[in-house]
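See structure below.
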Amino acid sequence: MTTTNEYTASTKTGRLANFVDTRVGASTIVKEFGRKVFPDHWSFMFGEVALYTFVLLLLSGTFLTFFFDPSMTHITYEGSYVPLKGIGMSAAMASTLDISFDVRGGMFMRQVHHWSALLFVASLSVHMLRVFFTGAFRRPRELNWVVGGVLLIMGLAAGFTGYSLPDDLLSGNGLRIIDGVMKALPVVGTYLSMFFFGGEFPGVHVIPRLYSLHIMIVPAVIILLLVVHLFMVVTHKHTQYPGPGRTNDNVVGFPVGPVYAAKAGGFFFIVFGIVAFISGIFQINPIWNYGPYDPSPVSAGTQPDWYIGFVDGALRLMPGVLGDFSFVWNIPFPWGDNSLVLSVLLPALVPAGALFAVMFAWPWIERWVTKDNREHHLLDRPRNAPFRTAMGAAGVVFYCVMWAAASSDLIATHFHVALNDVTYWLRVLFFVGPLVAFWLTRRICLSLQRKDREIVLHGREAGIIQMSPEGGFSEKHEEVDVYKRYVLTNFNDNQYIPAQPDAAGHISRKEKRRAKISKFFFEDRVAPVTPSELEAAKAAHGHHEVEGEKQDSIEK
Amino acid sequence: MKALSKKRRHPLAAVALLLFGLLITGSLYTAAGSISEAKAADTTTASQSDVDEGGKLFVANCATCHGMNAEGTNTGPSLIGVGAASVDFQVGTGRMPMQMQGPQAQAKPVQFTDDQISQLAAYVASLGAGPAIPDEESLDTTKGDAAHGGTVFRVNCAMCHNAAAAGGALTRGKFAPTLAGVSEKHIYEAMVTGPQNMPVFNDSNITPDEKRDVVTFLKTIEANGSAGGFALGSLGPVAEGLFVWTAGLGIIIAFTIWLTSRPS
């Protein structure tokens, strides 16, 4: 018999806890993870919002599955909503009406589900914008950026499949567009549509099929990617904004236990509360107004939920013909003509595809152009990466023009302008807007950087007017404190890197192309203040503060 | 028959045939038109004095655009045959007299009293047969079927007026107005007369009973209000998306700033 010096708990609870711990080893995990430090900033919390709204979606969605009947069986509605009584509709629509009007708390849960879906995708998007504009996707986080992008696409997929389930008029119109896009493909289009809908649109199979995707496949993929995403966040450590004491090798913030456990736990309930409040007070997707789906009526003001809006907008912007040029190409096959309907395929697939392609590829594009393969755990202030911020702004404007086009009819009625003019202007903006946004954003970033330089070198305008003994007036400039100066002077400064010859002394065509882009991105740049510049400025001002001596240590 | 076939090569045979064809087409058209023309029983028996008074009002307020005898000018259409319902709708909703020329006449505060409107209507009705002002019976929403009216509305009206009757945009600055707050009579009259850019829904297209169902449907959803809370203008996903991006995210951001703030 060996004697072990194993810990024996003295209380009953302690013994129970110890029993569990010696078998699952939870204390090691808690000890390790509980001391994990996360930095504190409001803009870091949108990913959390997405996570919490996703939990809300799972909870409310489970409730809805108890009562929803995903079937396209034709029945007569006999529920309590009078204006639809006795109307024929699918079982899916009827059960959604029952959830809304006859199931206790059903209306609230439906609205919780739908509002949190809108908020889920919105917070995902804002989270990705934050990551992009602060450069948090740089090494080592490129793959996590891709996982995040796929999560966004899955969010869109979850939203669209769910939006279509009630089989109401509004969502049916959306499915009709999907049907149209499929049929715009030559040869295979009609077959694809027939397979997807199980016969001629709308068929009898599409709702059950979307239901399987919506409640099983898509959420499973989201959960899987979510785990991967969070695991990578823990492995990589969280990024932080630059500041004194914050380096690429540390994380300044609070530990998970107890600070973040409490904060995040509390924040979950806050998000829950906000969504519940909105759902209790504001109506969303009143399918009883839209009525059951029937392929003949199309309501005015038919739009998809906001996150699909940009695709709908692109479709609205696309002209069917350009003068005499038709976007429909009839391909003369031996068996007859098959049409390739580019006026549908181009807007439905190309802008969204381009947007996501650039988004996914951006970390590699940036790494290639800047030749910067270092690890980055310190974030950029957006102004300190003018090229990236400008590209992001161009992308945002590109997206928003299409987004606005999806509500062109409401813009027309609410601002009393002609629908045609709205479309013409948005078509112009579709091409010009991103360019203007790029140029303008870059100029603004460079100006802000110049302002930062000015503040570091000559101090902040104090708003105090001094009168000299001679009677001249001047404004007093206060020197910024050392913390602020650190933030203003310490940033990742990308410069134009001319084309480099390879080992054989040859400059490849690809390298020349890279140099061209690098020049375009970094030709105009504002360099951070160097210690010697600061010294010179101070000497010129006649300042001789003690802080001047510390400068070297601050500037590295 | 032989006499007829003998004359088939007569120089005027083609002319005769054409005349015959036109006669057949014309009479068929008249027959079809009289069947499908909206006929609401004319309960307001207009007296000659009403017509005379209406004529005076017409000359003073409408003739500039519609012509001294309502025959129409370059700036306004002829009103012969538009019927009393048309006048009652256009003048009764304030669309006429028109505030200004534009893609379509905008509703504005009504300019005439009810008596004056009925006098004007009587005058225009006296110029030629047209749809009359609907009677009480065809507007009685207690006799209508809201559910059936909803189906008719979605198939015939929702593409312009929106499924929730919130209104919508048409081309080149024209629009379909919201139907909330529009009286039963005016809804019915709009259907039978097709004001502005609206098509006419005659009685064979939508029967008088179905028109009453549509009115009933509209009044029912108006009375029901929005079951799920504030309707955000019944404008659908655009309003919802705008709300979540402004109010929703706004509240969230306020909380995130609060959670990460430090006492200073």
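Every number in this text was worked out from the coordinates using simple rules, so none of it is lab data. From a predicted model like this one, the values you see are computed outputs, not experimental measurements. Every residue, glycine as well, gets a Cβ built from its backbone with ideal geometry; the counts of neighbours run over all protein chains shown.
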Calculated FRET efficiency, B:V200 and A:Y191, Cβ-Cβ r, R0 45 Å, to nearest 0.05? 0.60
Here, chymotrypsin sites (Phe, Trp or Tyr not before Pro) of segment A:415-458 satisfying both criteria (DSSP loop; at most 15 other Cβ within 10 Å) are A:F415
Efficiency by 1/(1 + (r/R0)^6): what FRET value for A:K476 and A:R525, r their Cβ-Cβ distance, R0 = 35 Å, to the nearest 0.05? 0.70
Helix B:208-224 axis, angle to chain B major axis (alpha carbon atoms, nearest 10°): 10
Can you pull the percent of Cα pairs in segment A:40-311 with separation above 28 Å? 43
What number does segment B:139-224 give for Rg over Rh if you use C-alpha atoms and the Kirkwood radius? 0.94
Please report, in whole Å³, the volume per residue of the convex hull around the C-alpha atoms of segment B:48-127. 79
Sum of side-chain charges, A:A122 neighbourhood, beta-carbon under 13 Å (Lys, Arg +1; Asp, Glu -1): -1
Angle check, please: helix B:114-127 long axis (alpha carbons) against the longest principal axis of chain B (alpha carbons), in degrees 0 to 90, nearest 10. 30
Nearest 5 is fine: what % of DSSP beta bridges in the protein assembly as shown come out antiparallel, could you say? 90
The set of residues whose placed amide H lies less than 5 Å from the amide H of A:D69, leaving out same-chain residues fewer than 5 positions away, is A:S95, A:T96
Could you tell me the extents of segment A:112-151's C-alpha atoms along the three principal axes, largest first, rounded to whole Å? 38, 17, 8
Which values of log₁₀ I(q)/I(0), to two decimal places, follow from the Debye formula for segment A:367-519 at q = 0.10 Å⁻¹ with a uniform point scatterer at every Cα? -0.65
Count charges around B:T141 for me, please; just the other residues with Cβ under 13 Å from its Cβ, Lys/Arg as +1, Asp/Glu as -1. -3
Taking placed amide H atoms and a strict 5 Å upper bound, the residues 5 or more places from A:F282 or on another chain that come that close are B:F230
Could you work out, for segment A:340-457, what percent of all Cα-Cα pairs fall into each 10 Å distance bin, beginning at 0 Å and stopping at the bin that holds the largest distance? 12, 31, 30, 18, 8, 1, 0
Can you tell me the relative contact order of chain A? Whole percent, Cα pairs under 8 Å, sequence separation 6 or more. 15
Neighbour counts of other C-beta atoms within 10 Å: give me A:T370, B:T93, A:T28 arranged from fewest to most. A:T28, B:T93, A:T370
Could you give me the radius of gyration and the Dmax of chain A, taking only the C-alpha atoms into account and expressing both in angstrom? 29.5, 98
Loop-located trypsin sites (Lys or Arg not before Pro) in segment A:95-160, at most 13 other Cβ atoms within 10 Å (DSSP): A:R104
So what is the relative contact order for segment A:1-91, in percent, with contacts set as C-alpha pairs under 8 Å and at least six apart? 14
Given the rule -39500 (n - 2.57) for each run of at least 4 DSSP H residues, summed and divided by the residues of the protein assembly as shown, what is its mean residue ellipticity at 222 nm, to the nearest 500 deg cm²/dmol? -18000 deg cm²/dmol
Take B:N74 and A:K512, extend 7 Å from each Cα along the Cα→Cβ direction, and tell me the distance between the two endpoints in nm. 6.6
Expected-Rg normalisation [2.2 N^0.38 Å, Cα atoms] applied to segment A:451-548: 1.64
Springs between alpha-carbon pairs under 10 angstrom, Gaussian network model over chain B: which of B:A147, B:A13, B:A132 fluctuates most? B:A13
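For chain B, what relative contact order do you get, as a whole percent, if you take Cα pairs closer than 8 Å and at least 6 residues apart? Let's see the in-between values first.
On the way: 332 pairs, mean separation 49.3, N = 264.
Computed over chain B, the figure is 19 percent.
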Partner shielding of A:100-110, taken as the mean number of other chain Cβ atoms within 10 Å, equals 1
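Once R0 is set to 56 Å, what does the formula 1/(1 + (r/R0)^6) return for the Cβ-Cβ distance between A:T73 and A:I464, expressed as a FRET efficiency to the nearest 0.05? Spell out each step's value before the answer.
Details: r = 79 Å, r/R0 = 1.41.
That pair, A:T73 with A:I464, gives E of 0.10.
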In Å, descending, principal axis extents of the Cα set of chain B: 112, 51, 41
Whats the longest run of chain A with zero GluC sites (Glu not before Pro) that are DSSP loop and have at most 16 other Cβ atoms within 10 Å? A:201-374
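How do the peptides B:199-206, B:243-250 rank, highest first, by the average count of neighbouring beta carbon atoms within 10 Å per residue?
Ranking the peptides B:199-206, B:243-250 by packing returns B:243-250, B:199-206.
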Between segment A:321-345 and segment A:42-95, the Cα center-to-center distance that results, in Å: 40
Gain upon complete extension [A:S296, A:Y424; 0.36 nm per residue less C-alpha separation]: 43.2 nm
Between segment B:72-112 and segment A:108-139, what's the alpha-carbon centroid distance in Å? 50
Could you list which residues have their amide H under 5 Å from that of A:R460, counting only those 5 or more apart in sequence or on another chain, with H placed in the peptide plane? A:E478, A:E479, A:V480
At most 10 other Cβ within 10 Å, DSSP loop - trypsin sites (Lys or Arg not before Pro), segment A:25-77: A:R35
Using Cα centres only, tell me the gap between segment B:197-236 and segment A:198-257 in whole Å. 44
One quarter of the convex hull surface, Cα atoms only: what value does that give for segment A:104-232 in nm²? 10.3
Counted charge near A:A92, where neighbours are those whose Cβ lies closer than 10 Å (Asp, Glu -1; Lys, Arg +1): -3
For segment A:252-321, what class follows from the C-alpha gyration tensor (a ≥ b ≥ c being the square roots of its eigenvalues): rounded when a/c is under 1.5, otherwise prolate if a/b is larger than b/c, else oblate? oblate
Using Cα atoms only, what is the angle between the long axis of helix A:46-67 and the major principal axis of chain A, expressed in degrees (0 to 90) to the nearest 10? 20
